[in-house]
1. Would you check if GLY97 is over 22 Å from SER25 (Cβ atoms) and surrounded by 15 or more Cβ atoms within 10 Å (Cβ to Cβ)?
2. ALA101 - would you say it is in contact with a strand residue (DSSP E or B) (Cβ under 7 Å, 6 or more places away or on another chain), modelled with pLDDT under 95 and in a helix (DSSP H, G or I)?
3. Scanning segment 31-53 for residues that are within 14 Å of LEU85 (Cα to Cα) and outside any helix (DSSP H, G or I), which turns out modelled with the lowest pLDDT?
4. How about segment 127-151: which of its residues are over 12 Å from the mean Cα position of the chain (by Cα) and assigned to a loop (DSSP other than H, G, I, E, B)?
5. Got a sec? Which of VAL13, VAL60 is surrounded by fewer than 19 Cβ atoms within 10 Å (Cβ to Cβ) and either in a strand (DSSP E or B) or hydrophobic (A, V, I, L, M, F, W, C) (or both)?
6. What is the number of the single condition among (1) within 25 Å of ALA24 (Cα to Cα); (2) surrounded by fewer than 21 Cβ atoms within 10 Å (Cβ to Cβ) that PRO136 does not meet?
7. Can you run down the residue pairs with Cβ atoms below 9 Å, 6 or more apart or on separate chains, where the first is in segment 31-56 and free of Cβ contacts under 8 Å to residues at least 40 places away in the same chain and crowded, with 16+ Cβ neighbours inside 10 Å and the partner is of a type in the set (D, E, K, R) and assigned to a helix (DSSP H, G or I)?
8. Would you confirm whether any residue within segment 133-151 is hydroxyl-bearing (Ser, Thr, Tyr) and in contact with a Ser or Thr (Cβ under 6 Å, 6 or more places away or on another chain)?
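The values are calculated or read from the model by the stated rules, or taken from the named source; none is laboratory data. Source: prediction; values computed, not measured. Every residue, glycine among them, receives a Cβ derived from its backbone with ideal geometry; neighbour counts consider all protein chains shown.
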Amino acid sequence: MPIATLRPENVGVLRYLGHGTNPASVSIHPPTPETDTWRLGAHPDVVEHLWTRLNAALPVDARFLVADTAALVDPRSGLILAVTLGTQYALRLGGAGLAAALAAGHETSHEFRTVDRTLDLAATFGEGWVFGRRDPREGEWLAETAAATNL
């Protein structure tokens, strides 16, 4: 999906998932039936949540691998909507969804204690990113973000 590497909004997340490589060279492709969810750098439950529950809320199948990381990428616009991060996942939200997520306590930074590292999503990925909390409204918020992107 070359369009995703051309979107300026994706540069931060592409650089992060690509471990600092040129964002334009990060591989983005749909999973195959043989894709092993145990080998995607995230807990399989987190991958399942993203690819099954949250993907079901979107009008099109958005399951992709971004630098071998499970993600949701709007195939029409190329906008990266969500990514898995070990035992966590991050969502790109806009407008009312972002405001609701922040009001509900979704964080924009997380300390990964096992590796003694903090990930500040705004500084690293860009504005509008929050860590997911398995809030039942997250799918609706992602769908609103995708719809606003495809106007």
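1. On the way: over 22 Å from SER25 (Cβ atoms): yes; surrounded by 15 or more Cβ atoms within 10 Å (Cβ to Cβ): yes.
So GLY97 fits the description; yes.
2. Spelling it out, it is not the case that ALA101 is in contact with a strand residue (DSSP E or B) (Cβ under 7 Å, 6 or more places away or on another chain), modelled with pLDDT under 95 and in a helix (DSSP H, G or I).
3. Checking each candidate, the answer is GLY41.
4. Across segment 127-151, the qualifying residues are GLU127, ARG133, ARG134, ASP135, PRO136, ARG137, ASN150, LEU151.
5. Working: VAL13 fails: surrounded by fewer than 19 Cβ atoms within 10 Å (Cβ to Cβ).
So the residue among VAL13, VAL60 that is surrounded by fewer than 19 Cβ atoms within 10 Å (Cβ to Cβ) and either in a strand (DSSP E or B) or hydrophobic (A, V, I, L, M, F, W, C) (or both) is VAL60.
6. PRO136 satisfies all of (1) within 25 Å of ALA24 (Cα to Cα); (2) surrounded by fewer than 21 Cβ atoms within 10 Å (Cβ to Cβ) except (1).
7. Short answer, once both residue conditions are applied: THR37/GLU48.
8. We begin by selecting, within segment 133-151, every residue hydroxyl-bearing (Ser, Thr, Tyr); these are 145, 149.
When the remaining residues are screened for being in contact with a Ser or Thr (Cβ under 6 Å, 6 or more places away or on another chain), the result is 149.
Yes: one or more hits.
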